[in-house]
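Working notes for the structure below.
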Amino acid sequence: MSISFDQGEVVLFEVRKHWFVLVAELGFCVLGTLLPMVLYAVVSVLPLTFSTPGNGLLLFAVCYTFWVLALIVVMAYLWTDYYLDVWVVTNQRVIDIEQRGLFSREVATMQLSKIQDIATDVRGFIATMIGFGDVRIQTAGNEREFVIRGVAYPDKVRAQVEAALESHGAIAIKLNTAGQAAVPPGEPLV
C-alpha cells in the first residue's frame, strides 16, 4: 500500500518502536521453544507410564516440530507488526500506519494544524534506562488519539513533532491568501 502525498508535502521523519520491544517479544518465543523439552524431561522423570503405540520419542519430536513451527509463525507476526507499525511525520500531517494482524492495516492521518497536545510516557526501570516509551498526540475535536507504544526516545520524538508544528505554523501564516497575515493586527507573526 502506498501513501499519496500532497503537492509540496515532504516527509520529515519516521517513528518506529524501539528495538528492545521486539527483542523482548521474540525472547518469549525463544523461551517457548524450551517449554516442551522441560515438560518432556519432567514427565519422563515422574513414575507415570503412558502407553503410546509406536515410539514415544518420535511422537514427541513430531509434536515439538509443530510447536516450533507455530512459534516461527508467531515470531513472523511480531516482526511484521514491529516493522509495519510506523508514524510518518510530514511538513503537513502525521500519518499513523498500524498493522492489525498479518493481512489488515489501518492508516489514519492528522493535520498538524489540529494537534493540541503531545504527551510522552516512560514507565519502568528498563524503559527509563534504555530509553523507550509511549507518545500520544491529541486534537481538540473528537478525532481519535494517535498513540505509538514503545518508541525509542519519546521525548526526542515529541520535540521533533513540536518542531514540525512550529515550522508548519510559520508556513501556514506565510502562505495565507494573497500574502495577507492571518493573525489580528498588533500580534506578532511567528
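The values are calculated or read from the model by the stated rules, or taken from the named source; none is laboratory data. Because the structure is predicted, anything quoted here is derived from the model rather than measured. For neighbour counting, all protein chains shown are included, and Cβ atoms are generated from backbone atoms with ideal geometry for every residue, glycine included. The accessibility values were calculated without ligands, DNA or RNA, using every heavy atom of the protein model including side chains. Shrake-Rupley method; radii C 1.70, N 1.55, O 1.52, S 1.80 Å.
Roughly how much of L48 is accessible, in Å² to the nearest 10, using a 1.4 Å probe?
100
Determine how large the accessible area of T139 is when every protein chain is in place; take a 1.4 Å probe and give Å² rounded to the nearest 10.
20
HN-Hα J couplings of segment 59-68 from phi, Karplus 6.51/-1.76/1.60, θ = phi - 60°, integer Hz, Gly and Pro as x?
4, 4, 4, 5, 4, 5, 4, 5, 4, 5
222 nm [θ] for the chain, helices only, -39500 (n - 2.57) per DSSP H run of 4+, per residue, to 500?
It comes out at -15000 deg cm²/dmol, rounded to the nearest 500.
Report the convex hull volume per residue for segment 12-89, counting only C-alpha atoms, in Å³. Before the final figure, lay out each step's value.
On the way: hull volume 6.0 nm³, N = 78.
Convex hull of Cα atoms, per residue: 76 Å³.
To the nearest 0.05, how large is the calculated FRET efficiency for F13 and A140 if R₀ is 25 Å and r is the Cβ-Cβ distance?
0.55
Using a 1.4 Å probe and counting only protein heavy atoms, arrange Y153, Y83 so the residue with the most accessible area comes first.
On the way: Y153 130, Y83 110 Å².
Final ranking, largest accessible area leading: Y153, Y83.
Give me Rg over Rh for segment 1-146, both radii from the alpha carbons and Rh done the Kirkwood way, two decimal places.
1.18
Two decimals, Cα atoms only, Kirkwood Rh: what is Rg/Rh over segment 113-162?
Dividing the radius of gyration by the Kirkwood radius yields 1.02.
Which order do you get for K156, K17 if you rank them by accessible area with a 1.4 Å probe, largest at the top?
K156, K17
At 25 °C and 0.890 mPa s, what whole-number value in µm²/s does Stokes-Einstein give for the translational diffusion of segment 83-141, with Rh from the Kirkwood sum over Cα pairs?
Value of D from the Cα-based Kirkwood radius: 185 µm²/s.
So how do 94-106, 125-137 stack up, highest first, on mean other-Cβ count within 10 Å?
On the way: 94-106: 14.2, 125-137: 16.4.
The densest-packed peptide leads the list: 125-137, 94-106.
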